[in-house]
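Trainee: One structure coming up, written as structure tokens, with questions to follow.
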Amino acid sequence: VALRSELEEHIATEETQLFPLVRSGGPYDAEQVAELEHDHASAGSALARLRDLSDGYDLDHALCNTHRATLDGLRELELDLHEHIHEENNVLFPRALATA
């Protein structure tokens, strides 16, 4: 629940603040970017904990199809989120800061 809430809040901040400023070429505060990067680190830690608890999303230990689907969904979430974080930290955020 905490991860979901953090991600929803993070996405709302990006959609209402960061993305419009990047599109308009407006300045974005380094402190705001640092806060978003902190969100990324927090989400990464939560996903690492889920991976550890599920033995690396090992499908061989799945007890049923629902369990297997849950493990596979968590693995996909982690991969997607890591890609999202990489693109923002290495492409979007530097562009936003360059306009400051």
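The values are calculated or read from the model by the stated rules, or taken from the named source; none is laboratory data. Model, not experiment: these values are computed from the prediction. Every residue, glycine among them, receives a Cβ derived from its backbone with ideal geometry; neighbour counts consider all protein chains shown. For the accessible areas, the whole protein counts, side chains as well, though only heavy atoms, and no ligand, DNA or RNA atoms are used. Shrake-Rupley method; radii C 1.70, N 1.55, O 1.52, S 1.80 Å.
Trainee: If you plug each phi of segment 18-35 into the Karplus form 6.51 cos²θ - 1.76 cosθ + 1.60 with θ = phi - 60°, what whole-Hz ³J(HN,Hα) values come out, in order, with x for Gly and Pro?
Mentor: 5, 4, x, 5, 5, 4, 7, x, x, x, 10, 6, 4, 5, 5, 5, 4, 5
Trainee: Continuing with the same structure: Tell me, in nm to one decimal, what length is gained between Leu79 and Ile11 on full extension, where the rule is 0.36 nm per residue of separation less the Cα-Cα distance?
Mentor: Gain on extension, Leu79 to Ile11, equals 22.8 nm.
Trainee: Further question: Using 7 Å Cα-to-Cβ label points, what is the Ala2/Leu59 separation (nm, one decimal)?
Mentor: 3.0
Trainee: Enter the accessible area per residue of the chain (Å², integer; probe 1.4 Å; all protein chains in place).
Mentor: Result: 66 Å² per residue.
Trainee: Moving on. Roughly how big is the chain's charge dipole about its Cα centre, with Cβ charges of +1 (Lys, Arg) and -1 (Asp, Glu), in debye to the nearest 20?
Mentor: That gives a dipole near 100 debye.
Trainee: In nanometres, what is the gap between the two model label sites at Phe19 and Arg95, each 7 Å from Cα along Cα-to-Cβ?
Mentor: The modelled label-to-label distance comes out at 1.3 nm.
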